[in-house]
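The values are calculated or read from the model by the stated rules, or taken from the named source; none is laboratory data. Please read all numbers here as calculations on a predicted model, not as lab measurements. Here the Cβ positions follow ideal geometry from the backbone for every residue, glycine too, while neighbour counts run over all protein chains shown.
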Amino acid sequence: MNVYDSNLDATGLRFGVVVSRFNHLISAALLEGCERALVQRGADPEAIDVAWVPGAFEIPQAARMMAESGRYAAIITLGSVIRGGTPHFDYVCIGVTDGVREVMRDTGIPVAFGVLTTDDVEQALARSGGEDGNKGGEVALAAIEMARLRSALGKPAGDCK
């Protein structure tokens, strides 16, 4: 039996990060957690490219552009969609989730999903560095692991060159 163990070494990997400007305070905290986790695991800060987009709905398009560039071992998506009083929340969440999934399916590049979908601002703050930790850091670890798994399974990971 061949077992592909988890590998969380980000040394030599390049990452694309897409971040929503909407709910900026939360997005900035997620980005901080993401960058911290990548650097702690060996990523060169110069090998982390960040693209800001207007809102969560635009995340999949920017993620696709980054994935299709061939420059990145993995893409990380960050943002938050907070429930309001209309069905808009549902449409945005479905669009972002489906769009990110399609990027992975169509390109084969790992895309870590760090878009919070919460009922209120308090839940979002708790997940972006508050009492529930920082989901930005958690998805960064998922991105590293999937980039290394892709490489181990025969597809080279993007490097810093």
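A few notes on this one:
- Condition met for I59 (aliphatic (A, V, I, L, M), crowded, with 21+ Cβ neighbours inside 10 Å and without any contact (Cβ under 8 Å) to a residue 40 or more places away in the chain): no
- Residue in segment 70-84 that is more than 24 Å from A124 (Cα to Cα), under 15 Å from the mean Cα position of the chain (by Cα), surrounded by fewer than 15 Cβ atoms within 10 Å (Cβ to Cβ) and of a type outside the set (F, W, Y) present: no
- Against the test of being of a type in the set (G, A, S) and buried (at least 20 other Cβ atoms within 10 Å of the Cβ), the options A47, A51 yield a single qualifying residue, A47.
- Strands (runs of 3 or more DSSP E) enclosed by segment 49-158 - at least 2 residues per element that are of a type outside the set (V, I, T) and more than 24 Å from N7 (Cα to Cα): 74-82, 128-130
- Residues (closer than 22 Å to G70 by Cβ and touching a Phe, Trp or Tyr at 6+ places or on another chain (Cβ under 6 Å)) located in segment 16-37: G16, V19
- Residues of segment 22-49 that turn out to be small (G, A, S) and over 21 Å from T11 (Cα atoms), as a count: 3
- Verdict on G158 being out of contact with any Leu (no Cβ under 6 Å at 6 or more places or on another chain) and modelled with pLDDT of 95 or more: no
- Tabulated pairs, segment 1-18, first under 16 Å from E138 (Cβ atoms) and at pLDDT 95 or above, second assigned to a loop (DSSP other than H, G, I, E, B) and not aromatic (F, W, Y), C-beta under 8 angstrom, 6+ apart or interchain: L8/R41; A10/R41; A10/G42; A10/A43; F15/A43; F15/A73
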